[in-house]
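Here, each number is a calculation from the coordinates, and none is a lab measurement. Computed from a predicted structure; not experimentally measured. Methodologically, a virtual Cβ is constructed for each residue, glycine included, from the backbone with ideal geometry; neighbour enumeration extends over all protein chains shown.
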């Protein structure tokens, strides 16, 4: 073929591979030679000064052109725009919870570090919790609103990791998290199988569970509970459940930490349920090549999942725009009792 014509199209955006998404023909252009057509890019800092189109907050963006992930070419501005687009969905998963933040000033390939306490107001908009909640340490941090969420992203926060309890009941978690982490080279089908095995056990214990991708290699199974039991009881109960699975199906699941223990198996991590432990929040980006996101999904969609990082900050918004129902409907209203499950597992 010999391209001779110039066409004008409108389209939804660029894919990570540099193709236009959802292109619609507008007209042929006889007024422009093909050599004059180039991909337009933002070239001035002034153009990045205020986040355009922000629905929930206004933010001055600096160094928005900085590439956060060389694998995709996604920038700091892309990350901030992503968090702006999902803020309404994400904030209920952060509300009132102490957080650990993963910051990456040099992008995912550079030095990453956790921030758990307030460091002299280093991130404007974040709220410092009462110091008495964590005696002997600097105050814990929480994200109170969309402005704070975007401000954190402007300050190079990539990941948001909430506690399993809120500040109101800091010692009584209101959810249990099972993090499914596959051994190196394990087929993805085995990870999905592990999620079904965990769900089956929880069903037998009378507990409903919800599913999300981790944004990395695995899946998260989350159980909302009434905040009545202390962390030590909740952690022991999750450990008992995982160890039962590992004893029952040792060829598929393992309860011991360490890469050497999960060769050919899926490690079901219950350690996320101790006090102060955290897990990447729903809709959080992950600080790794690809900038995958932790996406809530329906159990009915598990079979069609292609990986734990199936969506990233460039593709998640399109996925959510086609979502017809909230896959986590009822999650925040499910204040489940652990009493029966604790009795079955022999946890006092």
May I ask for the angle, rounded to the nearest 10°, between helix 231-248 and the longest principal axis of the chain, with both axes built from Cα atoms and the value confined to 0 to 90°? 90 degrees
If each DSSP helix of 4+ residues adds -39,500 (n - 2.57) and the sum is divided by the residues in the chain, what number results at 222 nm, nearest 500 deg cm²/dmol? -7000 deg cm²/dmol
Mean separation of Cα contacts under 8 Å (at least 6 apart) over the residue count of the chain, i.e. the relative contact order in percent, is 16 percent
Using a Förster radius of 41 Å, what is the FRET efficiency between residue 326 and residue 29 based on their Cβ-Cβ separation? Nearest 0.05, please. 0.45
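Once the mean 1/r over all distinct Cα pairs of the stretch 206-348 is inverted, what Kirkwood radius in angstroms do you read off?
16.6 Å
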Evaluate E = 1/(1 + (r/R0)^6) for residue 340 and residue 167, where r is the Cβ-Cβ distance and R0 equals 30 Å; express this FRET efficiency to the nearest 0.05. 0.55
Students often get this wrong, so try it: which of [x] 5, 21, 27, 20, 13, 9, 3, 0, 0; [y] 5, 25, 34, 25, 8, 2, 0, 0; [z] 5, 23, 30, 23, 11, 5, 2, 0 is P(r) over Cα pairs in 10 Å bins from 0, in percent as calculated from the structure shown? [z]
If one compares the long axis through the Cα atoms of helix 76-94 with the longest principal axis of the Cα atoms of the chain, the angle in degrees, nearest 10, works out at 30 degrees
Name the most mobile residue of 104, 136, 274, meaning the one with the largest mean-square fluctuation, in a Gaussian network model of the chain with Cα contacts below 10 Å. 136
Give me the tail of P(r) for the stretch 46-167 as a percent: Cα-Cα pairs with distance above 18 Å. 51 percent
Residues 214, 30, 122, sorted so that the one with the fewest Cβ neighbours within 10 Å comes first: 30, 122, 214
